[in-house]
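Take a look at the structure set out below.
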Amino acid sequence: MDKEPRGTARDWAPRSIGLLLGTLALATAFIAAYVGALHQPTPRDLPVGVARGDQRAQATLNAIRDQSTIIKPIGYDDSSAAEDGLLSRAVYAVLSTGPDNGLLLTIANASGPSATSAIKEVLGTAATRTGTPLQVVDEVPVTPDDPRGVVPFYLNVGYVLGGYLASTVLGISAGTTPRTARRAGLRIAALAVYSVLLGIAGAVVVGPVLDIWHHDVPTIAAIGALAVFAAAMFASAIQGWLGVAGTALVILLLVVLGNPGSGGIYAPEFLPGVLRGMHRWNIPGLANDLTKAAVYFDWRSAGWPALALALWAVLGIVGLVSASLVRGGRAANPGSGPAHAGS
C-alpha cells in the first residue's frame, strides 16, 4: 500500500473541519430562524386606520385595544387621509361608521392576507358580541391566482437566490477577488446582463407561463433585474473581501434571516423580535415590498424599497471594486488557489 504523502492530512483536515463546522452552524441557524420565526406566528400591533372624528369606529378600536394587542389604531385627520394610508400600505385596513348604525371595514388584502384575516376575525368577533353589523370591503384584493398572496415572496426568493448564486459561481470559477478594477468592471457588467435575463425569465414565468400577472411582465422584469443585481453585488462585495468563506455570511443574511424576515410568508407584525422590521432594509423584504407596491398599489409606497435596492447595488459595486484594488495583488498569489485567485 502506498504511503500517504507527509503533510497531506495536515493540509486539508483543518480547512475541511472548519468548513464542516461552519456549515453546521449555518444549518443550525437556518433551523432556528425559520422554526423560531414561523412555528407560532402571533400578530401584534396590526395597524388599522380610523378618522379621529369617527367616534363610533374609534370607540370600537379602543375597546379592542384595551383587551388585546392584536390591533393598533392609527388616527387620521379625516376619512380621505385614512384611505390614503390604506393605499400607501401604512395600514392594513380602515374602520369607519357604516350604514344602518353598523361599521364598515375597508381592507387592502394585497398588503398581507394573513394580516387582514386576523383583523377581520378580531373585529368580526367584537361586532358579533355587541350586535353591531359589520360590512367588509376589499379595496385592493389579491389576484384570484394568488389567494394567499405568496407569489411576490416566492418570486423574489428566486431572484435573490439567483443573484447570490451567480456571484458565487463566478467567484469559484474565476476567483472571488478580481485582480484589477477593470476585471471587477467586467464582472459587474456580466452580473448586470445576467440580472436582466433572470428578471425577464421570472416575469415570463409568473406572466405568460402561469398566467398570474400577465399584464405586468415589463414591471416584474424590471423589479426582478434590480433585485437580482442588488443580491449579486451584495454577495460579490462580501466574497471579494472575505473569499469563499464570505458565502456563509451571504447565506446567513439573505436566506437564513432574510427570507423569514422579509414579511412575505407572514406579515411583519406576526414575526418575533428584530425580524419584525427587517423587511425595511434586507434585500428579500425590499424586493417583496416593491413588487406588491408596483403590482397592486399603483407604485404607492414604492419609493423606499426601490431606493434601498439601488443603494444595495451601488454599495456592492463599491465594495467589489475596492476589494479588487486592496486585495487584488494578494489574490494573484499563485499559492492562494483557484477559489481565491482573481479573474
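What to note about this one:
- Here residue 108 clears all of (1) closer than 28 Å to residue 302 by Cβ; (2) at pLDDT below 95 except the condition numbered (2).
- Test: residue 80 is assigned to a helix (DSSP H, G or I), hydroxyl-bearing (Ser, Thr, Tyr) and modelled with pLDDT of 90 or more: yes
- Yes/no for residue 92 being of a type in the set (Phe, Trp, Tyr) and within 24 Å of residue 288 (Cβ to Cβ): yes
- A count restricted to the range 173-209 and to residues that are buried (at least 23 other Cβ atoms within 10 Å of the Cβ), touching a residue at least 60 places away in the same chain (Cβ under 8 Å) and not basic (Lys, Arg) stands at 5.
- Considering the range 238-273, the residues that are more than 30 Å from residue 207 (Cα to Cα) and buried (at least 24 other Cβ atoms within 10 Å of the Cβ) include one that is modelled with the lowest pLDDT, namely 271.
- The residues in the range 30-61 that are more than 21 Å from residue 108 (Cα to Cα) and assigned by TED's automatic domain parsing to the domain that holds residue 121 can be counted, and the count is 4.
- Test: residue in the range 157-172 that is loosely packed, with under 15 Cβ neighbours inside 10 Å, more than 21 Å from residue 48 (Cβ to Cβ) and in contact (Cβ under 8 Å) with a residue 12 or more places away in the chain: yes
Residues checked against (1) at pLDDT below 95; (2) in a helix (DSSP H, G or I):
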residue	(1), (2)
2	yes, no
13	yes, yes
27	yes, yes
35	yes, yes
48	no, no
63	yes, yes
66	yes, yes
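- Evaluation of residue 301 against the conditions (1) of a type in the set (S, T, N, Q); (2) farther than 20 Å from residue 89 by Cβ; (3) modelled with pLDDT under 95 shows that the sole unmet condition is (2).
The values are calculated or read from the model by the stated rules, or taken from the named source; none is laboratory data. Treat the numbers as computed from the prediction; the structure is a model and nothing was measured. Note that each Cβ is placed from the backbone with ideal geometry, even for glycine, and that neighbours are counted across all protein chains shown.
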